[in-house]
Structure formats: C-alpha cells, structure tokens
1. It is to be established whether one or more residues within segment 22-35 are of a type in the set (Val, Ile, Thr), part of a helix (DSSP H, G or I) and touching a residue at least 12 places away in the same chain (Cβ under 8 Å).
2. Can you tell me which residues in segment 45-59 are in a helix (DSSP H, G or I) and more than 13 Å from the chain's Cα centre (by Cα)?
3. Suppose we filter segment 13-58 for residues that are hydrophobic (A, V, I, L, M, F, W, C) and surrounded by 11 or more Cβ atoms within 10 Å (Cβ to Cβ); how many remain?
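Only the coordinates and a few stated rules stand behind these numbers; no lab work does. The shown structure was predicted, so the numbers you read here are calculated from the model rather than taken from an experiment. Positions of Cβ are generated from backbone atoms using ideal geometry, with glycine treated the same way; all protein chains shown enter the neighbour counts.
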Amino acid sequence: MKKAITNVTTWLNEFTDLLKALIVFGIVSGILYDDYFGVIGGIGRLMNNINQGGLAGLVALVLVVTWWKKK
C-alpha cells in the first residue's frame, strides 16, 4: 500500500511539473507571439475573479500560495 501511494505521489508530482512547464511556455509564447494560446488573458481573468471575490478571493489566493511554497 505504501508503495502504491508513493507511485501515485510521484506520478502526480511529475504531472504538476509538466503543467508548470506548459504554463511557463504559454506565458513566454504569449509575450513573444501576441498571446496565441490565450494564457496571459486567462491569467488576467483569474486575477480579475480573485479581485471581485474580495476577502474570499484573498484567502483563496493565500491558500494557493501557501500550498505552492510547500513543494
């Protein structure tokens, strides 16, 4: 059971690393090629939604940053 959890955790870590690399690629390509994939616009909409959420959005943002730093 412990080995299975380790395997799943390893797989999820590799998957999130891949997603991070794709987000960075999307941002860089958006800067260079006028946001072809819409990543920068999506990040802007996400920040706008957090801004409209007020305190709840701020708490959610703090939780995400805290979770991100643990890794």
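1. So far as segment 22-35 goes, yes, one or more of its residues are of a type in the set (Val, Ile, Thr), part of a helix (DSSP H, G or I) and touching a residue at least 12 places away in the same chain (Cβ under 8 Å).
2. If the condition is that a residue be in a helix (DSSP H, G or I) and more than 13 Å from the chain's Cα centre (by Cα), then 45, 48, 49, 50, 51, 52, 55, 56, 57, 58, 59 are the ones that fit.
3. Residues flagged as hydrophobic (A, V, I, L, M, F, W, C) and surrounded by 11 or more Cβ atoms within 10 Å (Cβ to Cβ) within segment 13-58 amount to 15.
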